[in-house]
Amino acid sequence: MKKSSQKQVLWIYPVSLILSFLVLYDRSPSILRQLYIQMRYGFSLSVVLISVLSFLILCIKKDHLKDLLLFTAILLFFSMSLAGVWAGGKSEPTMISGLIPIVDGENYYTDALRWLNGGPFSAYSAKRPIFTAFLTVLAKVFGQSIQIMQTLLMFLMAVACFFAIKEISKKLNPFGTALFLLLVFFYARQYIGCFLTETIGLILGLSGFALLIASKDDMDSWHFYLSIFLITLALVARAGTFFLLPLLLIWIYKIQMKDRNRCKKVFLAFSCMLAAFLLNELMIRHFGNSENIPFSNFAYILYGLARGGSGWSQIMTDHPEIFILDENQVVKEIWSLTQQLIRRNPQNFISGIFKQYIYLVDFSYQTKSVFSFMNSETPLIFITMQSLLYLASLIGFFSLYRREKNFALLILFSMVGILISVPFVPVQDTLYMRAYAATIPFIIFIPCLGVDFITKKIASPIPFVEKEKTNYFYVFIELILIITFIIPFFIHGKKISSTTKELDCEDNQESIIFSMNKNSSIRVHPESEFFLDRAPDFHWSRFYQNLRTYSFSDFVDPISEFDPPFELRVGINLLNDEDIYVLFPGGDFIEESGIYELCAVKQQYSESPWMRELAKLYFVQDYQILEKH
């Protein structure tokens, strides 16, 4: 393609962003609304739409046109999924009514706010600081607006997917590449809109995997070592299959046996891995405190294994008394109890380990098995899809014998590392392979190899001619690294002065200084009001139904008994950095963003360990604005 025609194509890229914007802010009751919801929660329609459209695009031979259409399609797929979150208003494990973060998501979001207010990360986020540091930048730049932050995370996931697909398409034919896109989307869509470490783990993991596939034959280039660094960062950001890393080192040594510099290359790769861990340790100490224990949640996992595979939460049932201690003491107690269990009943520990492999391969466990995220509307379609993916995976492994040796060994060693890690990343503890976000590209690549192999006589990888051009993939990676590892160090805020209090709160009320941010609340309306439900506005019946999906009765019951209209927000008390949910009664919803003073009544929680990480709930009695944003 000539340079003039290339420029004509490039200027159309902003059109993709405009289309994405129109999808995200489409409030019409058209058929598109149902399409958005299907792209988030449906199966059959989404599979057909993505498979057919992506395959047709990938068959285009003009690189610039193909890239434009591919970018547009992927961005629209992801945008429709987020629009489906807002239109459906469904409460998910870490998100109330598609908007307000809860549990994990709430902790990461409020810690980002806490850093901007001059405080440190809590122990919860300090042990996994990379995502929260990333989130602080989005919060700072975009006014702490939850919906805008959701949009930016979705966009970055879509861009990472686009660049990964570009690299994969050089290795697989359009059939295999289309399947890779389909599987990546179905895995990623469950985290679109959520503030979870899985998002940054997937962004870094996809980028690292794509670079590794592209540079595997050029271990003298910095691109190869960047891929190792990114994969390690992904695993550090979202702890997962760590045994992949030593197996990658063994793979490097194996294929470089005839190279006198093989030890140097292994050392360079190891240094990249070590640099990622050291960077994480630096962030733990800077954003938290020196007492925080990295990957401390592994203690919960090991206890569950020692109890015969009872799950990470078993410790809360067996020993709720230890959760009155601070986080670091709790972890030490769990380690001690785990050691006692393993010494007393080692057979239970072994049983717990082997049980994880059963969960992984037995797709009768519809939320646990390796391709469980391809969850369909009916059991028949689910079984059919799972069977086809497992069959494609077997063919994919078989096809490695027919592929280039270095590539085949890379895939085999990577899968061995992932499989060795399975007992320590128990699939039973999470839904839909959540803990495998950083290395899911390696896993879903296997059935794609199978599809590529059985369709090789029909289609081959589209020839790619390297041209002199700006590689925007590296620009994207650089942007992610700057946002995550540089900017957060320079945006630590200052604590607000407590002398700003002006309201005279009653004895049973607490004084709160709270930041009201745009697009960051759920507004609950009476049934008598006529409008189409969509975040942030919902009728009482829709909100009540979604709220009741949570088992936190101390949180759910008081809100359920409150008559609409009211408004629910999440944030921190700027006076003491406490994580809080605040409920504002009345139909005069707050439109003006700024710093507000509140007088509010605190709802009492039980001593249950499950309530330990949940933000406190306050009912606002009076408020006034102190400072406009």
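Quick notes on this one:
- Folded to 0 to 90 degrees: helix 472-485 orientation relative to the chain principal axis, Cα: 40 degrees
- Once you reduce the range 56-84 and the range 415-459 to the center of their Cα atoms, the two points are 24 Å from each other.
- The relative contact order of the chain, computed from alpha carbon pairs under 8 Å that lie at least 6 residues apart in sequence, is 18 percent.
- Overall, the ratio between the Cα radius of gyration of the range 525-629 and 2.2 N^0.38 Å, rounded to two decimals, is 1.13.
- The phi torsions of the range 563-571, fed into the Karplus equation with coefficients 6.51, -1.76 and 1.60 and a -60° offset, translate into couplings of 7, x, x, 7, 10, 10, 10, 9, x Hz, rounded to whole numbers, with Gly and Pro shown as x.
- Integer Hz, Karplus 6.51/-1.76/1.60 couplings in order for the range 384-400, x for Gly and Pro: 4, 5, 4, 4, 5, 5, 5, 5, 4, 5, 4, 5, x, 5, 4, 5, 4
- Per the Cα gyration tensor, the chain maps to an equivalent ellipsoid with semi-axes of 40, 30, 24 Å, ordered largest to smallest.
- Given charges at beta-carbon only (K, R positive; D, E negative), |dipole| of the range 366-521 in Debye: 920 debye
- Student exercise, the chain dipole from Lys, Arg, Asp, Glu Cβ charges, in Debye to nearest 20: 3800 debye
- Beyond 29 Å in Cα-Cα separation lie the following of the pairs K405/K456; K265/K368; K171/K355; K61/K254; K216/K457: K265/K368; K171/K355; K61/K254.
- Among the trypsin sites (Lys or Arg not before Pro) in the range 150-240, those located in a DSSP loop and surrounded by at most 15 other Cβ atoms within 10 Å of their own Cβ are K170.
- Computed over the range 1-148, the quotient of the alpha carbon radius of gyration and 2.2 N^0.38 Å is 1.30.
- Listed residue (I96, P129, P426) projecting farthest to the positive dipole end of the chain, Cβ model: P426
- Percent accessible area from carbon and sulfur atoms, the chain, protein chains only, probe 1.4 Å: 61 percent
- Accessible area (Å², per residue) of the chain, counting only protein heavy atoms and a probe of 1.4 Å: 41 Å²
- Mean residue ellipticity (222 nm) of the chain, computed from DSSP H runs ≥ 4 via -39,500 (n - 2.57), nearest 500: -17500 deg cm²/dmol
- Only Cα pairs under 8 Å and 6+ residues apart enter the sum, and on that basis the relative contact order of the range 51-161 stands at 21 percent.
- Of L325, Q356, S313, farthest towards positive along the dipole that unit charges on Lys, Arg, Asp, Glu beta carbons give the chain: Q356
- 19 Å Cα-Cα reach of K127 towards lysines, excluding residues that sit fewer than 8 places from it in its own chain: K332
- Burial order of peptide ranges 116-126, 16-26, 31-41 (average beta-carbon count within 10 Å, highest first): 116-126, 31-41, 16-26
- Working ranking of peptides 352-364, 445-457 by packing, defined as the average number of other Cβ atoms within 10 Å per residue, highest first, is 445-457, 352-364.
- Spatially proximal aspartates and glutamates relative to K170 (Cα-Cα < 18 Å; intrachain offsets below 8 disregarded): D63, D67, D217, D218, E404, D452, E466, E468
- Descending semi-axes in whole angstrom, ellipsoid equivalent of the range 503-563, from the Cα gyration tensor: 25, 17, 12
- On Cα atoms only, tilt of 197-215 relative to the major axis of the chain in degrees: 20 degrees
- Considering only the Cα atoms of the range 103-229, their convex hull presents on average a projected area of 8.7 nm².
- The distance from the alpha carbon centre of the range 328-396 to that of the range 164-236 is 23 Å, rounded to a whole number.
- The angle between the Cα long axis of helix 146-168 and the main principal axis of the chain comes to about 0°, on a 0 to 90 degree scale.
- If you wrap the tightest convex hull around every Cα atom of the range 360-418 and split its volume per residue, you get 80 Å³.
- With the highest mean first, a sort of the peptides 196-207, 503-514 on other beta-carbon atoms found within 10 angstrom per residue produces 196-207, 503-514.
- Under 14 Å from K518, Cα to Cα: aspartates and glutamates that are on another chain or at least 8 residues apart: D537, E567, E591, E592
- Computed from phi, the 3J(HN,Hα) profile of the range 133-140 under the Karplus parametrisation 6.51, -1.76, 1.60 (θ = phi - 60°) reads 4, 4, 5, 4, 5, 4, 5, 5 Hz, with x in place of Gly and Pro.
The values are calculated or read from the model by the stated rules, or taken from the named source; none is laboratory data. Since we're looking at a predicted model, the values are computed, not measured. Glycine gets a Cβ as well: all are built from the backbone with ideal geometry, and neighbour counts include every protein chain shown. Only protein heavy atoms, including side chains, enter the accessible area calculation; ligands, DNA and RNA are left aside. Shrake-Rupley method; radii C 1.70, N 1.55, O 1.52, S 1.80 Å.
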